[in-house]
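For reference, the structure discussed in these notes is given below.
The values are calculated or read from the model by the stated rules, or taken from the named source; none is laboratory data. These figures come from a predicted structure and were not determined experimentally. Note that we place each Cβ from the backbone using ideal geometry, even for glycine, and neighbour counts take in every protein chain shown.
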Amino acid sequence: MIIKGVKAKSIKDSRKEPTIEVTIDTNVGKFSASAPNGKSKGKYESKSYVKSLSKDIDSLESLSDYFSEEYLEKFEDLRRIEDVVKGHIGANTLFAFETAVLKAISKEQKKEIWEIVNTNAKKFPRFVGNSVGGGLHSSTSKKPDFQEFLVISDFNSPEKNQKNNLEAKERLKYLLKKKDPKFNEKKNDENAWVTSLNEKEVLDLIGQLNLPFGVDIASSSFYSRRKYHYKNPPLDRTKEEQLMYLKNLIKNYNLFYIEDPFDEEDFESFSKLLKFFPNSLIVGDDLTVTNYKRLEKAIEMKSINALIIKPNQNGSLIDLANVVELAKKKGIKTIFSHRSGETNESILADLAFGFEADFIKCGITGLEREIKIKRLIEIEKRLK
């Protein structure tokens, strides 16, 4: 596949905020791809754009002619793209560009995108579905301090997983109506139910569903001056008190999944929690930000046994592949994840399947979420 030209433009994500779409003109046609936006971001994430979205668009188009002599035919050839654009564009732009390249290669070779990543892929990820929301993803004044309450279906089938998660979310709607007098079926950025309940009250309800579940605490979003500042109800906790609180929650609710339980600098507290609960998933997101060196540190300090993979946290799919390889080598579960500001791009499904992720976190309902889920179901049906 040969790139004849590259253009980019600003589009709106699911939160109606600007993000980038990249279009490449090739010998096999034109291909477009877009990048999502994160609202809850780790401070060690790569910059979405070098200076601004518009500057990235200008930079990418000014480099257009540099790709015309490159013949790209396999996943590893993305490195040649990166050699040209390094330092000129940010992570969102690079991710959208590389996604468009994978689409073109798959078209030319008459393969699925996941086959460009790994022709031998067979394993489907389990679904991690955001059912009730709080934290930065919900705009109401009274809400849970934890950012996401997640249901996790346990089938080796995307179609069965989605059916199960949909049923769980509907059941939660009924339970929330009974428990929360302010509940009005409103949904947040990620199409999860909005509630005025606190985290314990939500966990009481999810515990009635009889399936694995967990939380994305997003602790860095309410940590400052060495304390975790809870608002519902108002309470400040030191890191020692946070550890004790989470230990009690995990024991009392049998939590399977705990994401970002501590601030993104606190590898040590992650490690202590994992030592107490080796059979739960202690998940790094803001802690590791799909970054090889951050993952190395987390491994060295035994801080996590699972990590979030967000392609646009890094931008480089080559780097992402290295992160996944290291995680698998060290027995760390991988969870490919969407962002709160999503687009209609479905590549996350192909990447999750191609890299044989253990889990995929892409919501339960909402157009931009369902596109990814439907793509996994489509892959499943084609392989039958």
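Would you check which residues across region 1-39 are under 25 Å from the mean Cα position of the chain (by Cα) and either among the acidic types (Asp, Glu) or assigned by TED's automatic domain parsing to the domain that holds TYR223 (or both) and list them?
Those that are under 25 Å from the mean Cα position of the chain (by Cα) and either among the acidic types (Asp, Glu) or assigned by TED's automatic domain parsing to the domain that holds TYR223 (or both): ASP13, GLU17, GLU21.
Would you say THR19 is assigned to a strand (DSSP E or B) and closer than 22 Å to ASN191 by Cβ?
It is true that THR19 is assigned to a strand (DSSP E or B) and closer than 22 Å to ASN191 by Cβ.
Contact list please: Cβ distance under 7 Å, first residue in region 65-91 and of a type in the set (D, E, K, R), second residue modelled with pLDDT under 95 and assigned to a helix (DSSP H, G or I), pairs at least six apart or on different chains.
Hits for this filter: GLU70/ARG80.
Could you check how many residues of region 22-37 are out of contact with any helix residue (DSSP H, G or I) (no Cβ under 7 Å at 6 or more places or on another chain) and part of a loop (DSSP other than H, G, I, E, B)?
So the count comes out to 1.
Just to be sure I understand the filter: pairs with C-beta atoms under 7 Å, separated by 6 or more residues or on different chains, first member in region 356-378 and over 24 Å from ASN322 (Cα atoms), second member at pLDDT 95 or above and surrounded by fewer than 19 Cβ atoms within 10 Å (Cβ to Cβ). Which pairs pass?
Sorted first by the residue in region 356-378, then by its partner, the pairs are ILE364/LEU166; GLU368/ASN344; ILE371/ASN344; ILE377/GLU159.
Restricting the first residue to region 28-53 and requiring it to be of a type in the set (Lys, Arg), which pairs with a second residue that is in a helix (DSSP H, G or I) and crowded, with 21+ Cβ neighbours inside 10 Å meet a Cβ separation below 8 Å and a spacing of at least six or different chains?
Qualifying pairs under 8 Å: LYS39/HIS137; LYS43/SER220; LYS47/ALA91.
Could you tell me which of the residues GLU268, GLU241 is farther than 24 Å from VAL128 by Cα, touching a helix residue (DSSP H, G or I) at 6+ places or on another chain (Cβ under 9 Å) and surrounded by fewer than 18 Cβ atoms within 10 Å (Cβ to Cβ)?
GLU268 is the lone residue from the list that is farther than 24 Å from VAL128 by Cα, touching a helix residue (DSSP H, G or I) at 6+ places or on another chain (Cβ under 9 Å) and surrounded by fewer than 18 Cβ atoms within 10 Å (Cβ to Cβ).
Which of (1) surrounded by 24 or more Cβ atoms within 10 Å (Cβ to Cβ); (2) over 30 Å from PHE75 (Cα atoms); (3) not hydroxyl-bearing (Ser, Thr, Tyr) does VAL128 not meet, given it meets every other one?
With respect to (1) surrounded by 24 or more Cβ atoms within 10 Å (Cβ to Cβ); (2) over 30 Å from PHE75 (Cα atoms); (3) not hydroxyl-bearing (Ser, Thr, Tyr), VAL128 is out only on (2).
Quick one: LYS302 ticks every box in (1) in contact with a helix residue (DSSP H, G or I) (Cβ under 6 Å, 6 or more places away or on another chain); (2) part of a loop (DSSP other than H, G, I, E, B); (3) at pLDDT 95 or above; (4) crowded, with 24+ Cβ neighbours inside 10 Å bar one, so which box is it?
Exception for LYS302: condition (4).
Pull up region 350-369, narrow it to residues that are touching a Ser or Thr at 6+ places or on another chain (Cβ under 7 Å) and not in a loop (DSSP other than H, G, I, E, B), then point me to the one that is surrounded by the most Cβ atoms within 10 Å (Cβ to Cβ).
The extreme case among them is LYS361.
Exactly one of these conditions fails for LYS293: (1) in contact (Cβ under 8 Å) with a residue 24 or more places away in the chain; (2) in a helix (DSSP H, G or I); (3) not aliphatic (A, V, I, L, M). Give me its number.
Every condition holds for LYS293 apart from (1).
In region 194-228, what residues are under 24 Å from LEU281 (Cα atoms) and either in contact with a helix residue (DSSP H, G or I) (Cβ under 6 Å, 6 or more places away or on another chain) or among the acidic types (Asp, Glu) (or both)?
GLU199, GLU201, LEU203, ASP204, LEU205, GLY207, LEU209, PHE213, ASP216, ALA218, SER221, TYR228
Restricting attention to region 328-349, and to residues there that are part of a loop (DSSP other than H, G, I, E, B) and among the hydroxyl-bearing types (Ser, Thr, Tyr), which single residue is surrounded by the fewest Cβ atoms within 10 Å (Cβ to Cβ)?
Here the residue is SER346.
May I ask you to list the residues in region 142-181 that are in contact with a strand residue (DSSP E or B) (Cβ under 9 Å, 6 or more places away or on another chain) and of a type in the set (S, T, N, Q)?
Hits for region 142-181 are GLN147, SER153, ASN156, ASN161, GLN162, ASN164, ASN165.
Listed residues SER303, SER340, SER271; which is under 27 Å from GLU201 (Cβ atoms) and either in contact with a strand residue (DSSP E or B) (Cβ under 8 Å, 6 or more places away or on another chain) or without any contact (Cβ under 8 Å) to a residue 60 or more places away in the chain (or both)?
SER340
Conditions (1) of a type in the set (S, T, N, Q); (2) touching a Leu at 6+ places or on another chain (Cβ under 6 Å), marked per residue:
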{"site": "ILE2", "(1), (2)": "no, no"}
{"site": "GLY5", "(1), (2)": "no, no"}
{"site": "ALA8", "(1), (2)": "no, yes"}
{"site": "LYS12", "(1), (2)": "no, no"}
{"site": "THR23", "(1), (2)": "yes, no"}
{"site": "GLY29", "(1), (2)": "no, no"}
{"site": "SER34", "(1), (2)": "yes, no"}
{"site": "ASN37", "(1), (2)": "yes, no"}
{"site": "GLY42", "(1), (2)": "no, no"}
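Scan ALA121, ALA91 and give me the residue that is modelled with pLDDT of 95 or more and in the same structural domain as LEU72 (by TED's automatic domain parsing).
Being modelled with pLDDT of 95 or more and in the same structural domain as LEU72 (by TED's automatic domain parsing) holds for just one of ALA121, ALA91, which is ALA91.
Can you name the residue in region 299-348 that is within 11 Å of the chain's Cα centre (by Cα) and among the aliphatic types (A, V, I, L, M) and, of all such residues, is nearest to THR19 (Cα to Cα)?
LEU348
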